[in-house]
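The values are calculated or read from the model by the stated rules, or taken from the named source; none is laboratory data. In this text the structure is predicted, and so the values were computed from the model without any measurement. Heads up, the Cβs are rebuilt from the backbone with ideal geometry, glycines too, and the neighbour counts pull from every protein chain shown. Keep in mind that these areas ignore ligands, DNA and RNA; they rest on the heavy atoms of the full protein, side chains included. Shrake-Rupley method; radii C 1.70, N 1.55, O 1.52, S 1.80 Å.
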Amino acid sequence: MKEAILFVSEDYKEEAVALAKGAEYNIVKIFKLPKSPNHKYYIQLDKLKMIKNDYESISSLIIFDILKPRHFINLRKELNGIDIIDKILLLLEIFALHAGSKEAKMQIELARLKYELPIIKEIYTKSKIGEQQGPLGSGAYGIESLIKLYNRRINKLTKQLEYIKRFKEKSIETRKQLNMPSVGIVGYTNSGKTSLFNSLTGLSQKVDSKLFTTMSPKRYSVLINNKKIILIDTVGFIRGIPPQIVDAFFVTLSEAKYSDALILVVDSTLPDNLLIETTRSSFEILREIGVSGKPILIALNKIDKIINGDLYKKLELVRDISMELYSPIYDVIPISALKGINIGLLRDKLYQLVVGQLK
Ligand SMILES: Nc1nc2c(ncn2[C@@H]2O[C@H](COP(=O)(O)OP(=O)(O)OP(=O)(O)O)[C@@H](O)[C@H]2O)c(=O)[nH]1
Ligand SMILES: [Mg+2]
């Protein structure tokens, strides 16, 4: 586990912590984002001093906002050896963990290079006026060749991605030839997708270890009533994706598009207005990546935290909105991934759904 300090605003706190956890960071301390960012460092000087003095052993500093090139440069200089990660870099790390296809990986690399290039260019400008040494102490010449390298790679990736897009249908065919039904687990960040994935894969003792090793750890083949099904834990829907990385997000998520069915996980503990809003925008996002006609099984999760009377109302709410916005909705099942409530029922439904699909 990498130890990290997180700076985040109050209203994004829960989400940012879940995202950081998903990217395998152990958050040792949380600070609020500064009301007005410091020109040089983004964070305030007293916080910077505190990190230097009291947290020298951390590996990363995560700032859940979008930093300017100069912030990266100045922070890296002050906090030698600590990774500086902003919202964009954190999200790209998470996308990379979930990216199963070559296209998704390339799109993520392209986004990262494009994001880093202005930082290197700024170092170049500074090195020319003698303010700053380049990476590894190289002078202006070293940085110049690094910039060339970046531009060459960006051009190459852009061309390759155009090519892949044209021939995409072919690779979908290849996937289908795997001839094993696959089910994508989708939903908002923090709704409990990974918990459900773990719960479903943990329940089945017989995991195909050979297949597992050849796939990303976010895919697992499980046996449900003697039927082999591939489960895919997907990247979460995230509020406020910065425009610079929207393409990378969609292509990573769009792998859900090629599965045979989807489980949409919805967090039942959200207040009703948010429950409605997230359910609505879940279907919007699915439509945007091109999901249509594929059966969706909805798992209303975290019901261990809901009192009985409320549960019925929430079930009806989610059912009504979903049926209004999408077809076919296979069913809506109340579950607790954490406490294992109704997981057996969900497995049975999943089995019926997949077997029905194959007929
Ligand atoms: N009470 C309760 N908490 C749950 C349940 N399922 C998940 N959680 C908690 O919700 C939080 C998020 O769960 P994850 O499984 O990581 O959610 P996720 O959808 O994979 O989140 P991302 O990977 O960030 O998109 C964790 O703290 C879980 O312990 C549940 O059934 N009941
Ligand atoms: Mg997860």
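Structure data summary
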| read-out | value |
| --- | --- |
| Fraction of the pair-distance distribution of segment 1-51 above 16 Å, Cα-Cα pairs, percent | 43 percent |
| Quotient of C-alpha Rg and 2.2 N^0.38 Å, computed over segment 309-359 | 1.29 |
| Hydrodynamic radius (Kirkwood) for segment 38-153, which is based on Cα pairs only, to one decimal in Å | 15.5 Å |
| Charge dipole (the chain, unit charges on Cβ, about Cα centre) - positive-most of PRO118, GLN160, LEU300 | GLN160 |
| Amide hydrogen neighbours beyond the local backbone of ASP86, cut-off 5 Å, H modeled | ILE63 |
| Charged-residue dipole, Cβ positions (Lys, Arg, Asp, Glu), the chain about Cα centre, Debye nearest 20 | 1080 debye |
| Whole-percent carbon and sulfur share, accessible surface of the chain, 1.4 Å | 51 percent |
| Distance cut-off 23 Å, percentage of C-alpha pairs in segment 231-359 lying past it | 33 percent |
| Total formal charge among the other residues, if their Cβ is under 11 angstrom from that of THR234, Lys/Arg +1 and Asp/Glu -1 | +2 |
| Accessible area (Å², 1.4 Å probe, nearest 10) - ILE84 | 10 Å² |
| Degrees separating the helix 13-22 axis from the principal Cα axis of the chain, which is the longest one | 90 degrees |
| For the chain, projected area of the alpha-carbon convex hull averaged over all directions, nm² | 20.2 nm² |
| Length-normalised contact order of the chain in % [C-alpha pairs under 8 Å, at least 6 apart] | 13 percent |
| DSSP-defined beta bridges in the chain - what % are antiparallel, rounded to 5 | 20 percent |
| Ranking by accessible area, most exposed first, for SER9, SER259 with a 1.4 Å probe | SER9, SER259 |
| With DNA, RNA and ligands ignored, accessible area of LYS2 (1.4 Å probe; Å², nearest 10) | 80 Å² |
| Accessible surface, 1.4 Å probe, highest first, among residues GLU103, GLU24, GLU93, GLU14 | GLU14, GLU24, GLU93, GLU103 |
| Eligible lysines near LYS257 by straight Cα distance, threshold 19 Å, same-chain separation 8 or greater | LYS102, LYS105, LYS165, LYS168, LYS170, LYS176, LYS193, LYS218, LYS294 |
| Helix 45-54 axis, angle to the chain major axis (alpha carbon atoms, nearest 10°) | 80 degrees |
| 5 angstrom amide H check on ASN26, placed H, neighbours 5+ away | LYS2, GLU3, ALA4 |
